[in-house]
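Read through the structure below, which is laid out as structure tokens, and then see the notes.
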């Protein structure tokens with residue numbers, strides 16, 4: 001997550017002064033929470049379901065997106081807020097402002113990414129593949145979670161006359 005935050009700060013946000021404390025927080029969340037959780041989850045989910053390849057993948061996708069992802073993202077958003085030193089009311093508002101936006105975007109990206117992962121990737125390459133996709137995902141998460149204002153769930157697109 002720290003490398004994604006670095007890219008978010010320098011490429012997306014174009015910050016002149018790099019925020020090392022923010023980057024440290026992303027490193028902590030990635031190394032101590034997200035990385036271990038995802039590594040364990042990939043092993044658990046692969047061994048938990050049976051059936052034909054297609055049925056097994058559908059079960060894995062549903063479990064991944066409905067059971068694992070919502071609390072995982074809540075943990076990420078909460079951890080980043082706590083590491084920023086937010087009070088409970090600030091943390092609650094931070095979660096309300098950003099969690100649903102991130103979760104809904106997750107549902108646009110990760111089911112496809114995980115379908116590719118579960119259908120085509122050998123088990124020994126699944127974490128590597130997920131880390132590749134996650135680099136880009138975490139750039140997005142870094143940008144959204146560090147925004148001081150609420151990011152709208154749906155933005156209006158101006159229509160030409």
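Would it be correct to say that residue 66 is at pLDDT 90 or above and in contact with a helix residue (DSSP H, G or I) (Cβ under 8 Å, 6 or more places away or on another chain)? In short, no. Taking the criterion of being surrounded by fewer than 15 Cβ atoms within 10 Å (Cβ to Cβ) and within 18 Å of residue 76 (Cα to Cα), the only residue of region 5-23 that qualifies is 21. Within region 56-72, residues that are touching a residue at least 60 places away in the same chain (Cβ under 8 Å) have Cβ atoms under 7 Å from residues that are in a helix (DSSP H, G or I) and surrounded by 16 or more Cβ atoms within 10 Å (Cβ to Cβ) in these pairs: 57/118, counting only partners at least 6 apart in sequence or on another chain.
Looking only at region 33-55, residues that are assigned to a helix (DSSP H, G or I), more than 22 Å from residue 143 (Cβ to Cβ) and without any contact (Cβ under 8 Å) to a residue 12 or more places away in the chain come to 7 in all.
Within region 104-122, the residues that satisfy the criterion of being assigned to a helix (DSSP H, G or I) and surrounded by fewer than 16 Cβ atoms within 10 Å (Cβ to Cβ) are 104, 107, 108, 109, 111, 112, 115, 116, 119, 120.
Here is a check on your reading of the model: is residue 85 surrounded by 15 or more Cβ atoms within 10 Å (Cβ to Cβ) and out of contact with any helix residue (DSSP H, G or I) (no Cβ under 8 Å at 6 or more places or on another chain)? Spelling it out, it is not the case that residue 85 is surrounded by 15 or more Cβ atoms within 10 Å (Cβ to Cβ) and out of contact with any helix residue (DSSP H, G or I) (no Cβ under 8 Å at 6 or more places or on another chain).
Determine the pairs where a residue that is under 20 Å from residue 83 (Cα atoms), located within region 10-21, has a partner that is surrounded by 10 or more Cβ atoms within 10 Å (Cβ to Cβ) and modelled with pLDDT under 90 with Cβ atoms under 8 Å apart, the partner being 6 or more residues away or on another chain. Pairs that qualify, where the first residue is under 20 Å from residue 83 (Cα atoms) and the partner is surrounded by 10 or more Cβ atoms within 10 Å (Cβ to Cβ) and modelled with pLDDT under 90: there are none.
Here residue 100 meets each of (1) assigned to a helix (DSSP H, G or I); (2) touching a helix residue (DSSP H, G or I) at 6+ places or on another chain (Cβ under 9 Å); (3) touching a residue at least 12 places away in the same chain (Cβ under 8 Å) with one exception, condition (2).
Total residues in region 11-22 satisfying the condition of being in a helix (DSSP H, G or I) and farther than 16 Å from residue 137 by Cα: the figure is 3. Checking each residue in region 47-81 for being farther than 22 Å from residue 124 by Cβ, surrounded by 14 or more Cβ atoms within 10 Å (Cβ to Cβ) and more than 16 Å from the chain's Cα centre (by Cα) picks out only 58.
Of everything in region 25-46, what is farther than 30 Å from residue 84 by Cα and either surrounded by 18 or more Cβ atoms within 10 Å (Cβ to Cβ) or in contact with a helix residue (DSSP H, G or I) (Cβ under 7 Å, 6 or more places away or on another chain) (or both)? Give them in sequence order. Those that are farther than 30 Å from residue 84 by Cα and either surrounded by 18 or more Cβ atoms within 10 Å (Cβ to Cβ) or in contact with a helix residue (DSSP H, G or I) (Cβ under 7 Å, 6 or more places away or on another chain) (or both): 45, 46.
The values are calculated or read from the model by the stated rules, or taken from the named source; none is laboratory data. All figures in this text were calculated on a predicted structure; none of them were measured in a lab. Cβ: placed from backbone, ideal geometry, glycine included. Neighbour counts: every protein chain shown.
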